[in-house]
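**Q** Would you mind keeping the following structure in view while I ask a few things?
Just so it is clear, none of the values below were taken in a lab; they were calculated from the coordinates. In this text, all values refer to a predicted model and were calculated from it rather than measured experimentally. So basically every Cβ, Gly included, is an ideal-geometry build from the backbone, and we count neighbours across all protein chains shown.
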Amino acid sequence: MLLQLITNEMVLSFIVAVTMSGIGDCPPPKAKQDSLVVAYTNGQLRPSDDLVTYSLLNQLTISKTPEQKACYFRLFNEIVMSADGALAESMGKYCAKWLKADSPLVLDHLKRNPDLERRYVLFLSTEFYYEEDSFPSFKQNVLRQFETGSRGYPSEFLKRIESAIKAIDNE
């Protein structure tokens, strides 16, 4: 009960922080495939380890208009913060999709949200622990999106993932 209260409190504080940061005003969905997004935002879909949730996550991680991207990024991060159990085990590949698609957006946001950053590191390190040979190309893809002089935080973030992978290996 206490863990659930703490988790709910963390999710609420994250939602407030995201709302206050200006990320995530959601335009009304225009396409039929956005029905899952509408269901989620209306509280009719509770993310879990099922095909409907994975369809929603796929929807939230594809390219869209700038307005949709901001909204979908906010919604995706709500799920990141609340994911547990089997769903948490699957989140790494979706976090990786966001980073591959728009590292500057994601890392700028993570830099300002340490709780969210820890979740991304956890999910990504678990993903790359099992797909170890894919981490070097992922790392290059992320760093390629930044000019050489602006790679400070991205490099630190990637080192945190590498350290977490090693920690899993040592358990």
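**Q** Expressed in nm to one decimal, what extension gain is obtained for the pair Val38 and Ala101 from 0.36 nm per residue of sequence separation less their Cα-Cα distance?
**A** 20.4 nm
**Q** Right, next: Would you please calculate the Kirkwood hydrodynamic radius of the range 33-119 over all C-alpha pairs and express it in Å, rounded to one decimal?
**A** After inverting the pairwise mean of 1/r, the radius is 13.1 Å.
**Q** Same structure, new question: So, in nm, how far is label Ala88 from label Lys111 when the simple model puts each one 7 Å beyond its Cα toward the Cβ?
**A** 2.8 nm
**Q** Quick one: of Lys100/Lys159; Lys93/Lys159; Lys64/Lys159, which pairs are farther than 28 Å apart, Cα to Cα?
**A** From Lys100/Lys159; Lys93/Lys159; Lys64/Lys159, over 28 Å: Lys64/Lys159.
**Q** Next question, about the same structure. For a quick check: sort Phe146, Phe73 by the number of other beta carbons within 10 angstrom, fewest at the front.
**A** Fewest-to-most ranking of Phe146, Phe73: Phe146, Phe73.
**Q** While we're looking at this one, here's another question. Using a simple spin-label model with points 7 Å from Cα along the Cα→Cβ vector, what separation in nm is obtained for Ile168 and Cys26?
**A** 3.0 nm
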